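Beneath this line is the structure, given in structure tokens, with notes to follow.
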């Protein structure tokens with residue numbers, strides 16, 4: 001498909017999206033990038049396919065752990081969004097990437113919230 005070959009997704013964009021999403025959703029009492037009692041490590045993959053229109057897929061694999069301990073639980077989520085049929089500038093990637101990321105973060109938060117009791121019990125061992 002016509003367009004540009006470069007796909008830009010800086011790690012800072014993912015970090016800001018993740019921190020902002022969890023701060024707004026209030027899944028955790030506090031959210032930040034500094035060391036804390038609980039850690040959520042997020043690894044992300046972005047793929048771009050071009051069937052008719054560009055399809056952006058974000059895959060997240062996340063480990064939730066208490067400081068200094070092995071992961072309590074590992075989560076995997078995905079989100080996807082359609083872009084335009086032509087990519088002329090990398091700025092056109094931002095909206096579909098943000099949409100796919102938000103979907104994956106929504107699934108991640110829902111899974112963590114579902115495991116709330118398990119997490120709280122693990123903290124009191």
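In table form, for the structure just shown:
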{"read-out": "Yes/no for residue 119 being surrounded by fewer than 18 Cβ atoms within 10 Å (Cβ to Cβ), part of a helix (DSSP H, G or I), touching a strand residue (DSSP E or B) at 6+ places or on another chain (Cβ under 8 Å) and modelled with pLDDT under 95", "value": "yes"}
{"read-out": "Given (1) assigned to a loop (DSSP other than H, G, I, E, B); (2) without any contact (Cβ under 8 Å) to a residue 40 or more places away in the chain; (3) over 20 Å from the mean Cα position of the chain (by Cα), index of the condition residue 85 fails", "value": "(2)"}
{"read-out": "Leading residue by the ranking (surrounded by the most Cβ atoms within 10 Å (Cβ to Cβ)) among those in the range 23-41 that are in contact with a helix residue (DSSP H, G or I) (Cβ under 9 Å, 6 or more places away or on another chain) and within 18 Å of residue 120 (Cα to Cα)", "value": "40"}
{"read-out": "Test: residue in the range 91-107 that is over 17 Å from residue 10 (Cβ atoms), exposed (fewer than 13 other Cβ atoms within 10 Å of the Cβ) and over 10 Å from the mean Cα position of the chain (by Cα)", "value": "no"}
{"read-out": "Qualifying residue in the range 92-99 (condition: at pLDDT 95 or above, part of a helix (DSSP H, G or I), under 13 Å from residue 57 (Cα atoms) and touching a strand residue (DSSP E or B) at 6+ places or on another chain (Cβ under 7 Å))", "value": "yes"}
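Residues checked against (1) surrounded by fewer than 16 Cβ atoms within 10 Å (Cβ to Cβ); (2) free of Cβ contacts under 8 Å to residues at least 40 places away in the same chain; (3) part of a strand (DSSP E or B):
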{"position": "9", "(1), (2), (3)": "no, no, no"}
{"position": "16", "(1), (2), (3)": "yes, yes, no"}
{"position": "20", "(1), (2), (3)": "yes, yes, no"}
{"position": "43", "(1), (2), (3)": "yes, yes, yes"}
{"position": "51", "(1), (2), (3)": "yes, yes, no"}
{"position": "61", "(1), (2), (3)": "yes, yes, yes"}
{"position": "74", "(1), (2), (3)": "yes, yes, yes"}
{"position": "77", "(1), (2), (3)": "no, yes, yes"}
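The values are calculated or read from the model by the stated rules, or taken from the named source; none is laboratory data. The structure displayed is predicted, hence computed values, not measured ones. Glycine gets a Cβ as well: all are built from the backbone with ideal geometry, and neighbour counts include every protein chain shown.
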